[in-house]
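The values are calculated or read from the model by the stated rules, or taken from the named source; none is laboratory data. The structure displayed is predicted, hence computed values, not measured ones. All Cβ positions, even for glycine, are placed from backbone atoms using ideal geometry, and neighbour counts span all protein chains on display. To get the accessible areas, we keep the full protein, side chains included, count just its heavy atoms, and leave off ligands, DNA and RNA. Shrake-Rupley method; radii C 1.70, N 1.55, O 1.52, S 1.80 Å.
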Amino acid sequence: DVEMIDIADVTCGVGNVFHNKGAIGAYLKMRYHAESGVTKCSRMLFITAHLAAHVKNVDARNDDFKRIVSELEAQAPMRFLRPRKNRDGTPATCDGSHLLNSVDHVFFSGDLNYRVNLPREYVEHCINEIKTCTSKEPSAAGNLMKKLLRQDQLLQTIASGKAFHGFDEGKITFLPTFKFDKGTAFYDTSHKQRVPAWTDRILFKSNKLQVLDYNSVSGAVHSDHRPVYGTFKVGWGLTEQTMKKERSTKRKKSRSSRTR
């Protein structure tokens with residue numbers, strides 16, 4: 001059963017006012033009643049975002065992520081997330097960690113805008129080779145994909161821990177999704193000659209999740225991006241009994257710290 005659903009938005013455009021960059025978050029809480037009488041509860045958070053553009057703006061994208069999760073924590077409904085408090089009972093600063101560590105499943109997707117730190121000519125050469133090798137020499141195509149992905153800014157960011165700490169992603173087997181000439185299969189032929197990159201991604205943070213499918217739609221040529229989709233199998237969270245025990249333990253710890 002769907003117990004509650006709510007939404008919130010975060011602006012990351014100029015001066016953190018304009019909505020050309022930012023995110024929308026959907027909070028979802030579900031409850032499952034098993035025949036055995038056991039009741040399980042799962043909290044899910046779905047975030048779709050559009051982060052800062054341009055190759056050099058990695059730090060700006062990382063800052064956008066931090067602002068988004070912090071604001072979504074601050075805006076989380078009480079029924080979904082109990083606010084974190086300091087030892088003296090005052091509200092704790094929202095930095096997003098309480099939200100991300102408390103939810104069973106978090107999905108963060110959209111035009112995240114992370115690029116590939118390689119020259120356009122080299123990336124395009126690799127893409128052409130991958131297209132040629134995919135059916136005849138799949139291992140060679142896989143090696144070329146690995147070379148490109150080693151220079152993927154998002155994977156480097158996750159590995160460094162600068163943003164998206166604890167997030168995972170399905171295996172990327174599709175070609176870069178940005179930037180195309182609209183209506184064609186050609187990567188950017190304008191004077192800007194943007195480097196092809198995997199700007200469109202689906203990340204997740206979960207202990208009970210299986211990736212069933214992760215791919216892009218190469219035939220969708222109506223945009224300068226190619227849409228990406230994923231299919232996931234997720235498990236249920238804690239039982240009500242376990243949740244009550246955890247809440248009781250936290251209350252005892254809180255009372256203990258106040259009496260010291």
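Structure values in brief
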| item | result |
| --- | --- |
| Cβ-placed point charges (K, R +1; D, E -1), dipole of the range 110-199 about Cα centre in debye, nearest 20 | 100 debye |
| Sulfur and carbon atoms: percent of accessible area, the chain [1.4 Å] | 52 percent |
| Per-pair calculated FRET efficiency, R0 = 25 Å: ASP95 and ASP6 via Cβ, rounded to 0.05 | 0.75 |
| Scattering profile of the chain at q = 0.12, 0.16 Å⁻¹ [log10 I(q)/I(0), Debye over alpha-carbon scatterers] | -0.81, -1.24 |
| Farthest positive-ward along the chain dipole, Cα basis, beta-carbon charges - from SER223, TRP198, ALA74 | ALA74 |
| Volume of the Cα convex hull of the range 112-215, divided per residue and given in Å³ | 120 Å³ |
| Packing-based order for 227-236, 62-71, using average beta carbon neighbours within 10 Å, highest first | 62-71, 227-236 |
| Label zone at ALA159, where the point sits 7 Å out along the Cα-to-Cβ direction: the range 165-198 residues whose backbone N lies under 13 Å | none |
| Efficiency of FRET from Cβ geometry, LEU149 and TYR32, R₀ 35 Å, rounded to 0.05 | 0.40 |
| DSSP beta bridge pairing in the range 9-118, given as percent antiparallel to the nearest 5 | 70 percent |
| Euclidean distance between Cα centres, the range 133-182 to the range 189-210, Å | 8 Å |
| Net length gained if the chain between ARG87 and LYS131 were fully extended (0.36 nm per residue, minus Cα distance) | 10.0 nm |
| At R0 = 22 Å, FRET efficiency that the Cβ-Cβ distance of VAL221 and ALA53 yields, to 0.05 | 0.55 |
| Only Lys, Arg (+1) and Asp, Glu (-1) charged, at Cβ; the chain dipole about Cα centre in debye | 1440 debye |
| Distance (nanometres) between label positions extended 7 Å along Cα→Cβ at THR231 and PHE174 | 1.4 nm |
| Helical contribution to [θ] at 222 nm, DSSP H n ≥ 4, -39,500 (n - 2.57), averaged over the chain, rounded to 500 | -10000 deg cm²/dmol |
